[in-house]
Amino acid sequence: MARRKIAKRADDYAQWYLDVIAEGQMAEHSMVRGCMIIKPWGYGIWERIQRELDDRIKASGHENAYFPLFVPKSLLDKEAEHVEGFAPECAVVTHGGGKELEEPLFVRPTSEAIICTTYGNWVESWRDLPILINQWANVVRWEMRTRLFLRTMEFLWQEGHTAHETHDEAAAEVQTMLDVYADLAENVLAIPVIKGRKTAAERFPGAIDTYSIEALMQDGKALQAGTSHDLGQNFAKAYDISFQSRGGEMEYAWSTSWGVSTRLIGGMIMAHADDDGLVVPPLLAPLHAVIVPIYKGEEEAAALREDVDGMVTALRAAGVRVKADVRDHLRPGAKFFEWEKKGVPVRIEYGARDKAAGNVVVKRRDNGEKQIVPRGDVAGVVAALLVTIQSDLLARARARRAERSYVVDDYAEFRSRIVDGGFFHMRWCGDVSCEARVKDETKATIRCIPNEGDEDAGPCVVCGKGADGVRAVFARAY
Ligand SMILES: [Zn+2]
């Protein structure tokens with residue numbers, strides 16, 4: 001038996017998270033503090049996320065392009081709120097080619113400055129709009145407290161940047177992309193999310209509105225998993241995206257930006273992994289299934305080889321990403337343990353006894369269920385099982401969130417219960433001082449004001465003054 005190396009969630013959640021990543025061979029720290037080396041298994045999951053999202057981005061009418069890593073300081077300075085929000089966490093290049101630069105270059109913390117400037121050059125008339133572009137890139141934010149995937153100094157993401165003729169069109173774009181992110185989270189990552197609007201205090205610097213998807217992790221903390229910003233005309237004015245309107249007037253464009261990052265992988269881990277390691281949803285798994293032949297010595301191995309190769313072929317033909325683990329230096333138990341920690345959705349065991357009976361053993365990673373399957377049926381059974389696992393993971397995450405979602409009208413009750421985590425649906429009057437008090441006293445923030453919620457007027461949970469509209473969602477967050 002290999003030694004257990006993963007802390008239990010109940011004992012030390014933070015250590016469990018790091019152990020799951022290390023033992024699942026997802027990523028490790030680099031020698032530069034806060035930077036992350038993403039290993040092939042972790043990167044393979046990111047590639048699946050990219051592919052699923054990229055298809056959706058293109059299906060909703062966008063194209064990909066690429067903009068530079070360096071942003072001249074003077075560009076970033078143009079949008080006052082934006083630079084104030086981001087400058088403290090920017091890395092700045094002051095030297096190049098052995099000389100001090102005339103103008104320092106910021107390493108992009110996000111790309112509004114460079115992209116909006118470019119759009120300004122591209123746009124002359126209303127006929128040049130809309131511009132609907134996305135880029136896949138890395139960005140750098142000088143974070144002081146980092147955690148693999150959730151918050152790293154350099155991270156990978158996509159950032160969409162669009163420019164429109166009217167505010168209505170831009171506002172619709174913001175919601176379209178929020179819907180795309182929610183679809184990705186729920187139907188690919190199997191993480192249920194709440195779509196909603198951020199309060200002014202939690203907005204993207206320079207935006208007139210920020211929307212997000214918010215997920216609940218197994219420890220009861222919220223994770224902001226994607227954001228979509230209505231930038232109004234703020235960036236168009238700062239970076240001069242102006243155009244001749246249909247009526248012949250000069251007008252400023254309306255812009256949006258939206259992004260999700262490698263943080264989603266942290267969300268996937270904290271939504272599904274268990275005390276034995278990762279549990280990867282089938283749609284994200286670089287491998288859906290691993291066949292572990294059980295043999296001793298070359299003669300037994302040779303007797304199984306043809307059947308194993310046949311199963312690999314049949315499974316691949318059924319769309320299953322599969323490989324046979326035929327490493328001779330490892331015992332089957334060690335292989336089981338390794339693939340379990342990596343969260344491969346299905347394991348297929350096949351030994352001499354199974355061969356004699358014409359069967360294989362199929363085991364699910366998510367709930368540990370084993371079934372005996374006729375060898376000839378394995379491709380169909382596993383393909384169907386992957387669909388079941390994907391939907392079971394979402395159902396389980398939904399049930400967990402429902403268990404920890406509370407409608408609360410009493411501030412004292414909230415204060416005593418927030419220590420155990422969860423989503424608290426509470427009335428809020430809209431006053432920043434009530435929001436700030438909650439944060440000071442409980443470390444909880446308003447995650448969002450849900451897009452979908454019943455009208456529920458009544459007194460603010462903090463100050464008792466009237467609050468109309470839907471209840472805000474309060475939680476402690478990553
Ligand atoms: Zn209030």
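The values are calculated or read from the model by the stated rules, or taken from the named source; none is laboratory data. Since we're looking at a predicted model, the values are computed, not measured. Here the Cβ is made from the backbone with ideal geometry for all residues, glycine too, and neighbour counts use every protein chain on show. Note: areas computed on protein heavy atoms with side chains; ligands, DNA, RNA excluded. Shrake-Rupley method; radii C 1.70, N 1.55, O 1.52, S 1.80 Å.
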Item to complete: Those residues that are more than 30 Å from THR94 (Cα to Cα), open to solvent by 60 Å² or more (accessible area, probe 1.4 Å) and of a type in the set (Asp, Glu), I need them from segment 19-75; list them, please.
Response: GLU47, ASP55, GLU63
Worksheet item: Of these, GLY259, GLY267, GLY248, which one is in the same structural domain as TYR211 (by TED's automatic domain parsing), loosely packed, with under 14 Cβ neighbours inside 10 Å and closer than 30 Å to CYS116 by Cβ?
Response: GLY248
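Could you tell me how many of the residues in segment 166-202 are open to solvent by 30 Å² or more (accessible area, probe 1.4 Å) and not hydrophobic (A, V, I, L, M, F, W, C)? Reasoning before the result, please.
Narrowing segment 166-202 to residues open to solvent by 30 Å² or more (accessible area, probe 1.4 Å): 166-169, 171-172, 175-176, 179, 183, 186-187, 195, 197, 200-202.
Filter once more, keeping what is not hydrophobic (A, V, I, L, M, F, W, C): 166-169, 175-176, 179, 183, 186-187, 195, 197, 202.
Count: 13.
What are the residues in segment 448-478 that are assigned to a strand (DSSP E or B), modelled with pLDDT of 85 or more and within 15 Å of the ligand (Cβ to nearest atom), if any? Before you say what the answer is, go through the steps one by one.
Of all residues in segment 448-478, those assigned to a strand (DSSP E or B) come to 448-450, 458-459, 466-467, 472-475, 477.
Checking which are modelled with pLDDT of 85 or more leaves us with 448-450, 458-459, 466, 472-475, 477.
Once the filter is applied, which keeps residues that are assigned to a strand (DSSP E or B), modelled with pLDDT of 85 or more and within 15 Å of the ligand (Cβ to nearest atom), segment 448-478 yields ILE449, GLY458, PRO459, GLY466, ALA472, PHE474.
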Discussion item. Every residue in segment 112-139 that is closer than 19 Å to VAL92 by Cα and open to solvent by 20 Å² or more (accessible area, probe 1.4 Å), please.
Written reply: ILE114, ASN138
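Can you tell me which residue in segment 203-220 is least open to solvent (accessible area, probe 1.4 Å), limited to those that are within 22 Å of ILE49 (Cα to Cα) and in a loop (DSSP other than H, G, I, E, B)?
Keep residues of segment 203-220 that are within 22 Å of ILE49 (Cα to Cα), which gives 211-218.
Then drop every residue that is not in a loop (DSSP other than H, G, I, E, B), which leaves 217-218.
Details: MET217: 5, GLN218: 32 Å².
Among those that are within 22 Å of ILE49 (Cα to Cα) and in a loop (DSSP other than H, G, I, E, B), it is MET217.
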Practice prompt. Scan segment 447-466 and report the pairs whose first residue is open to solvent by 70 Å² or more (accessible area, probe 1.4 Å) and whose second residue is more than 8 Å from the ligand (Cβ to nearest atom) and of a type in the set (Ser, Thr, Tyr), with Cβ atoms within less than 9 Å and a gap of 6+ or a chain change.
Written response: none
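Does ASP392 satisfy the criteria of being free of Cβ contacts under 8 Å to residues at least 40 places away in the same chain, open to solvent by 40 Å² or more (accessible area, probe 1.4 Å), within 30 Å of GLY319 (Cβ to Cβ) and away from the ligand (no atom under 16 Å from the Cβ)? If you could, list the steps in order and put the result at the bottom.
On the way: free of Cβ contacts under 8 Å to residues at least 40 places away in the same chain: yes; open to solvent by 40 Å² or more (accessible area, probe 1.4 Å): yes; within 30 Å of GLY319 (Cβ to Cβ): yes; away from the ligand (no atom under 16 Å from the Cβ): yes.
Answer is yes for this residue.
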Worksheet item: Of everything in segment 425-446 that's under 12 Å from ALA477 (Cα atoms) and either open to solvent by 70 Å² or more (accessible area, probe 1.4 Å) or in a strand (DSSP E or B) (or both), which residue is farthest from the ligand (Cβ to nearest atom)?
Response: LYS443
Response to the item:
Among (1) at pLDDT below 95; (2) over 30 Å from PRO332 (Cα atoms), HIS95 falls short only on (1)
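Can you tell me which residue among VAL381, VAL408 is more than 20 Å from ARG321 (Cα to Cα) and either touching a strand residue (DSSP E or B) at 6+ places or on another chain (Cβ under 7 Å) or within 16 Å of the ligand (Cβ to nearest atom) (or both)? Working first, answer last.
Numbers: VAL381 fails: more than 20 Å from ARG321 (Cα to Cα).
The match here is VAL408.
The rows are residues; the columns are (1) open to solvent by 60 Å² or more (accessible area, probe 1.4 Å); (2) without any contact (Cβ under 8 Å) to a residue 60 or more places away in the chain; (3) touching a Ser or Thr at 6+ places or on another chain (Cβ under 6 Å).
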site	(1), (2), (3)
GLY368	no, yes, no
GLN371	yes, yes, no
ALA379	no, no, no
GLU403	yes, yes, no
ASP410	yes, yes, no
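Here are some residues: ALA201, ALA137, ALA190. Which one is touching an Asp or Glu at 6+ places or on another chain (Cβ under 7 Å) and modelled with pLDDT of 95 or more? So that I can check it myself, show each step before the final result.
Working: ALA201 fails: modelled with pLDDT of 95 or more; ALA190 fails: touching an Asp or Glu at 6+ places or on another chain (Cβ under 7 Å).
Result of the check over ALA201, ALA137, ALA190: ALA137.
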Item to complete: All but one of (1) open to solvent by 10 Å² or more (accessible area, probe 1.4 Å); (2) modelled with pLDDT of 95 or more; (3) not hydroxyl-bearing (Ser, Thr, Tyr) hold for GLU299, so report the exception by its number.
Response: (2)
Worksheet entry | Of residues in segment 221-245 being over 17 Å from the mean Cα position of the chain (by Cα) and part of a loop (DSSP other than H, G, I, E, B), the one surrounded by the fewest Cβ atoms within 10 Å (Cβ to Cβ) | SER245
Fill in: Hits in segment 313-325 (condition: of a type in the set (A, V, I, L, M, F, W, C) and open to solvent by less than 20 Å² (accessible area, probe 1.4 Å))
LEU315, VAL320, VAL322
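Would you check if GLU403 is within 15 Å of the ligand (Cβ to nearest atom), charged (D, E, K, R) and closer than 22 Å to LYS221 by Cβ? First the steps, then the outcome.
On the way: within 15 Å of the ligand (Cβ to nearest atom): no; charged (D, E, K, R): yes; closer than 22 Å to LYS221 by Cβ: yes.
Criteria not met by GLU403.
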